[in-house]
Each structure stands twice: as structure tokens, then as C-alpha cells.
Amino acid sequence: MSAIADFKKRLEAAKRAKSPAATETTATPAPENEALHLLAYLLGCDVDSAIEQGRNAAEEKAKYSIGIDLAKDADKTAIATVTTDEQGNIASIIDHAAELEDSAATVTDAAETALDAADKVSESADKVSSAAGDLESAASSVDDSASNLAYTTDDLGQVAAELKEATAELKKPSGVPASSHGAKAAAPKSNSKKSG
């Protein structure tokens, strides 16, 4: 049994060595202390003067803009107006987030209107471009027709020249003497009967 008793003693000694003694316990800050430290951090001052500076800022109706970095999203800003009563205690805090949301909605609406206008301008530009293409096609067709008409006119001119030349050829006197049927007719006819 002595081995078991020795084991238990060693186990208890190890537990005591690992756990801090009652005098060595780490101090956990009370919630009030945490708030005081946070106020001092936000005001950028010592903990001892944080409450006094906070009251002074509230009396002056100071406005603070606090940037919060949430890492996943874009930075966000909280804006509030703090008012105090006669004793310097905070009487009210007005959050300006709703005003900012309304402004953001107005900006969003304006952006959508601008996008709609841009779409309409783009559609109009497409229609103008299409009309210009149609006009260019019509001009090309007119040009082709004019070219065809010019070729036809040239062909007609050549035909007219050939007809003129043929007419001139036909009007020229021929160099071969014409046979006269009159000389044969004037000669006496010989009888094939023999006289005798």
C-alpha cells in the first residue's frame, strides 16, 4: 500500500505545482475596469484621467467618429451626438446611422437613374449606328446602280458606233460593175430552127 500512497502524494504535489497559490492568482479585470480602460483607449489618455476627459468631451457636445475594421467587409463608421444634463451625466445619444442610410439610399437611386440613362443612350447609339449602316448600304447600292448604268451607256455607245459604221458601209457604191439585163434583151433572139 505504500506504493499507492506514494503515487497519490506525488500526484497531489504535481497538481499543486501546476495550479497557482491563492496569493498568486491572476487578477481578472472587473467590467467597470474594462469599460474604463476602453474609454481611456478611445480618448487616447491615461486611465486615471479618462472619466474626467469623457465628461469634458460630453459637456462640449463633442462628436466622435469611430472607424471599425471588420476585416471581411469595408470599414464602417459610427457617428453619434452626445448630450449631457446639468450634472454632466450623459442625457442622450443620437445615432446618425439612419441619416447616413437615407443618404446612401438617395445616392443609390441616383446611380440607378444614371445607369438607366446610360442604357438609353447606348440603345440610341446602337439605333444611330444601325441607321448609318443602312444608309451606307443604300449608298453602296446607288453606287453599284450608277456603275451599271455607266457600263450600259458605254455598251449603247459602242452599238450606236457599230450601226453608224454599218450604215456608212451600206451607202458606199460597189466597185463591181453591175450586169445589165438590158443588153441581153436588146439582142435578137436566135431561132434554134434551121433554115433550109
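The values are calculated or read from the model by the stated rules, or taken from the named source; none is laboratory data. In this text the structure is predicted, and so the values were computed from the model without any measurement. Backbone-built Cβ (ideal geometry, glycine too); neighbour counts: all protein chains shown.
For region 82-106, what are the residues that are surrounded by 10 or more Cβ atoms within 10 Å (Cβ to Cβ), among the aliphatic types (A, V, I, L, M) and free of Cβ contacts under 8 Å to residues at least 24 places away in the same chain?
91, 93, 94, 97, 100, 104, 105
Can you name the residue in region 140-196 that is polar (S, T, N, Q) and assigned to a loop (DSSP other than H, G, I, E, B) and is also modelled with the highest pLDDT among such residues?
If we take residues in region 140-196 being polar (S, T, N, Q) and assigned to a loop (DSSP other than H, G, I, E, B), then 174 is modelled with the highest pLDDT.
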